[in-house]
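The values are calculated or read from the model by the stated rules, or taken from the named source; none is laboratory data. A quick note: this is a predicted structure, and the numbers were derived from the prediction, not measured. All Cβ positions, glycine included, derive from the backbone under ideal geometry; neighbour counts span all protein chains shown. Note: areas computed on protein heavy atoms with side chains; ligands, DNA, RNA excluded. Shrake-Rupley method; radii C 1.70, N 1.55, O 1.52, S 1.80 Å.
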Amino acid sequence: MSEEQSGIEVAVVSGLSGAGRSTAAKCLEDLGWFVVDNLPPELIATMVELGARSSGAITRVAVVMDVRSRAFTEDLGAVIKDLDARGYKPKVLFLEATDEVLIRRFEQVRRGHPLQGEGRLADGIAAERSLLSRLRSEADLVLDTTGLSVHQLRSKIEDAFGTEASTRTRVTVLSFGYKYGLPMDADLVMDCRFLPNPFWIPELREFNGLDDEVRNYVLGQEGAEEFLQSYQQLLRLVGAGYHREGKRYLTLALGCTGGKHRSVALAEELARRLADDDGMMVKTVHRDLGRE
C-alpha cells in the first residue's frame, strides 16, 4: 500500500537529547503535521491506523521519540519495520550535535541528561549516542544542529517535510473601528482616517466598504492608491523577514472611525493585492462591520 493508497504520511523524529527535537516538533505542527510526543512504541502503529481511517482529517502524522520510552531501540526499530510492511513508509529524521554543544545546551537550561544517572553529563550523552547508533544509521535524514540557529533548523525541516502551501505566510487583513478599541492580536496597525469619511455623505452612509459605491469612493480619493502601493511594498519586506525568522502568521489591522467604510474597503483591496504575491495566503476579517 503506497502513501497515496494509505492516504497518510508518517514521520518518526528522534535523536540526541538537546539536539532540537522540541523545535522540530513545533515546526512540524506549524507545517500541518499531527504531532505526538513520546508515544509508547507499541502504540505508534495504532495511532497511524487511526489517522489513516480519519477520512482525511489527519493526513500527516509525526511521532517524536526519545530514550525516555521503555525498550526504546528494540521496540521502535520493530515498529518502523512494521509500518513499512503495512505500506506507510515512515520517514525517519534523526537530530544530533557534538558533545561540546550538547553539554553547553544542558548547562544553559540547568537540566540533567535522562541517561546521566549518578554520573557526569558527558556519560549520559555517550550512553545515549551508543543506544541510538543503529537508529541513526537507518535514518532517512540526519541533521547535525551543532552550528544551526533555531531559524536555520526550521528552514531545513521545512525543506524536508513542508509543502508549498504549508510554508507560505498566512496573512489576515483585519478591518476595525477605533471607537471599539484596538485589536489586541494585530502585528501591524495602520490608520485609514487620513481619507475622507463616506459616513458624512448621505447617499453612502448606509452602505459599507464591501459595496461598490463605497469602495469606488474610498479608492478614488487622493492618497489611497499611493498608500496601497507603499504599504504593499513595505509588507513584502516585512513578510520576507518574518519568513526568514520562522514566523508564519501575520495580522495586519487597518482602522477607521467605525470600521464600516474606509478600513473595510482598503482591507479588501490590500488583501486582493497581497494574494497575488508569492509566499502569502491571505484572508480578510472585518471585526466591527455590522456593529453600527
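Tell me which residues, restricted to the stretch 196-227, are among the hydrophobic types (A, V, I, L, M, F, W, C), outside any helix (DSSP H, G or I) and open to solvent by less than 40 Å² (accessible area, probe 1.4 Å).
Our first condition is that a residue be among the hydrophobic types (A, V, I, L, M, F, W, C); within the stretch 196-227, this holds for 199-201, 204, 207, 210, 214, 218-219, 224, 227.
Adding the requirement that they be outside any helix (DSSP H, G or I) leaves 201, 207, 210.
Within the stretch 196-227, 201 is the sole residue that qualifies.
Please determine, by comparing only the residues of the stretch 240-250 that are open to solvent by less than 30 Å² (accessible area, probe 1.4 Å) and within 14 Å of the chain's Cα centre (by Cα), which one is farthest from residue 169 (Cα to Cα).
Taking the candidates together, the pick is 246.
For residues that are in a strand (DSSP E or B) and not hydrophobic (A, V, I, L, M, F, W, C), scanning just the stretch 251-292, find the one that is surrounded by the fewest Cβ atoms within 10 Å (Cβ to Cβ).
Taking the stretch 251-292 as the starting set, the residues that turn out to be in a strand (DSSP E or B) are 251-256, 280-286.
Still in the list and also not hydrophobic (A, V, I, L, M, F, W, C): 251, 255, 283-284, 286.
On the way: 251: 16, 255: 28, 283: 11, 284: 20, 286: 20.
Filtering the stretch 251-292 for residues that are in a strand (DSSP E or B) and not hydrophobic (A, V, I, L, M, F, W, C), the one surrounded by the fewest Cβ atoms within 10 Å (Cβ to Cβ) comes out as 283.
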Report task. Identify, by number, the condition in (1) within 30 Å of residue 22 (Cα to Cα); (2) out of contact with any His (no Cβ under 9 Å at 6 or more places or on another chain) that residue 194 doesn't meet. Result -> (1)
Query raised in the report: Quick one: residue 67 ticks every box in (1) β-branched (Val, Ile, Thr); (2) open to solvent by 30 Å² or more (accessible area, probe 1.4 Å); (3) modelled with pLDDT under 85 bar one, so which box is it?
Result: (2)
**Report entry** Residue satisfying all of: in the stretch 173-208; of a type in the set (D, E, K, R) and in contact with a Cys (Cβ under 9 Å, 6 or more places away or on another chain); farthest from residue 253 (Cα to Cα) among these
**Finding:** 193
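Is it the case, given these coordinates, that residue 172 is in contact with a strand residue (DSSP E or B) (Cβ under 8 Å, 6 or more places away or on another chain) and under 30 Å from residue 61 (Cβ atoms)? Break it down stepwise before answering.
Values: in contact with a strand residue (DSSP E or B) (Cβ under 8 Å, 6 or more places away or on another chain): yes; under 30 Å from residue 61 (Cβ atoms): yes.
So residue 172 passes the test.
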Query raised in the report: Quick one: what pairs do we get from the stretch 36-59, first residue open to solvent by 50 Å² or more (accessible area, probe 1.4 Å), second among the small types (Gly, Ala, Ser) and outside any loop (DSSP other than H, G, I, E, B), C-beta under 7 Å, 6+ apart or different chains?
Result: 37/25
Requested in this report: Mind checking which helices (runs of 4 or more DSSP H) fall wholly inside the stretch 119-164 and carry at least 2 residues that are polar (S, T, N, Q)?
Outcome: 133-138, 150-161
Query raised in the report: Out of all the residues in the stretch 166-178, is one or more at pLDDT below 90 and hydrophobic (A, V, I, L, M, F, W, C)?
Result: no
**Report entry** Flag if residue 111 is in a loop (DSSP other than H, G, I, E, B), within 18 Å of residue 22 (Cα to Cα) and among the charged types (D, E, K, R)
**Finding:** yes
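Name the residues in the stretch 10-34 that are open to solvent by 30 Å² or more (accessible area, probe 1.4 Å) and either over 23 Å from residue 100 (Cα atoms) or hydroxyl-bearing (Ser, Thr, Tyr) (or both), would you?
From the stretch 10-34, those open to solvent by 30 Å² or more (accessible area, probe 1.4 Å) are 18, 21-23, 26, 29-30, 32, 34; that's our starting set.
If the condition is that a residue be open to solvent by 30 Å² or more (accessible area, probe 1.4 Å) and either over 23 Å from residue 100 (Cα atoms) or hydroxyl-bearing (Ser, Thr, Tyr) (or both), then 22, 23, 26, 29, 30, 32, 34 are the ones that fit.
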**Report entry** Some residue of the stretch 74-94 being among the charged types (D, E, K, R), within 23 Å of residue 156 (Cα to Cα), modelled with pLDDT under 90 and assigned to a loop (DSSP other than H, G, I, E, B)
**Finding:** yes
**Report entry** Residue count, the stretch 228-239 (criterion: modelled with pLDDT of 90 or more and surrounded by fewer than 17 Cβ atoms within 10 Å (Cβ to Cβ))
**Finding:** 6
Query raised in the report: Is it the case that residue 160 is surrounded by fewer than 19 Cβ atoms within 10 Å (Cβ to Cβ), among the aliphatic types (A, V, I, L, M) and under 17 Å from residue 25 (Cβ atoms)?
Result: yes
Query raised in the report: (1) in contact (Cβ under 8 Å) with a residue 60 or more places away in the chain; (2) of a type in the set (Val, Ile, Thr); (3) more than 21 Å from residue 17 (Cβ to Cβ); (4) open to solvent by less than 60 Å² (accessible area, probe 1.4 Å): which one isn't true of residue 189, the others all being true?
Result: (4)
Query raised in the report: Across the stretch 84-143, which residue is nearest to residue 162 (Cα to Cα) among those that are β-branched (Val, Ile, Thr) and open to solvent by less than 70 Å² (accessible area, probe 1.4 Å)?
Result: 92
